[in-house]
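Worksheet for the structure shown next.
Please treat every number below as a calculation from the coordinates, not as lab data. These figures come from a predicted structure and were not determined experimentally. Cβ coordinates were reconstructed from backbone atoms using ideal geometry, including for glycine residues, and neighbour counts include every protein chain displayed.
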Amino acid sequence: MPENLFPAPSIMIDADACPVREEVFKVAKRHGKAILVVSNSFLRIPTHSLIKQVVVSDKFDAADDYIAENANAKTIVITADILLAERCLKAKAIVLNSNGKFFTADNIGSIVATRAIMNDLRAGIGSENIGGPAAFTPADRSRFLQSLHDAIVSL
């Protein structure tokens, strides 16, 4: 498909470890919003005129760099990556975690600080004693669907 025939993406997915890709496809197609799936390797995605995939190099942070460089005030970014979320917020994008919680200018500072503290704790006492993120639940999926709908409507 020629690049100029694809509508500007309304939604960009940090897709390599995203548990809600199918939900994004469903909601975005219902609203007629273009989706850009960004990953380090090829992923199976539905064939649809509103969905495009960009496979970046496997260089560290290549997908994050691509997303951050292309995010803007008319973009919803789906990511669990806190530092990517911070970069996209600086570009005025709406940023949504896969658990349905928004990263915002008001909460990103404390989230980044908590991330740094957890990294320090893991380095100091070993990761086997510090839990990771909570398990993804059906309630998270439901919250995500509602939050994505709300974000699309707000655009």
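One table, with the values for the structure above:
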| quantity | calculated |
| --- | --- |
| The stretch 46-94 - Rg and Dmax from Cα coordinates, angstrom | 11.5, 32 |
| Ranked ILE94, ILE51, criterion: other C-beta atoms within 10 Å, fewest first | ILE51, ILE94 |
| Sequence of VAL95, VAL24, VAL56 once ranked by neighbouring C-beta atoms within 10 Å, starting from the fewest | VAL56, VAL24, VAL95 |
| Point-charge dipole on Cβ atoms (K/R +1, D/E -1) for the stretch 2-155, about Cα centre, debye to 20 | 580 debye |
| The stretch 68-77 - phi-based ³J(HN,Hα) in whole Hz, Karplus 6.51/-1.76/1.60, Gly and Pro as x | 4, 6, 10, 6, 7, 5, 9, 10, 9, 10 |
| Proximal aspartates and glutamates to LYS26, defined as alpha-carbon separation beneath 17 angstrom and excluding residues fewer than eight positions away on the same chain | ASP14, ASP140, ASP150 |
| Scattering curve values for the chain, log₁₀ I(q)/I(0), Debye with Cα scatterers, q = 0.19 Å⁻¹ | -1.24 |
| Over the chain: helical MRE at 222 nm, DSSP H runs n ≥ 4 each giving -39500 (n - 2.57), nearest 500 | -13000 deg cm²/dmol |
| Extension reserve of the ALA113-ASP150 stretch, reckoned as 0.36 nm per residue once the Cα distance is removed | 10.6 nm |
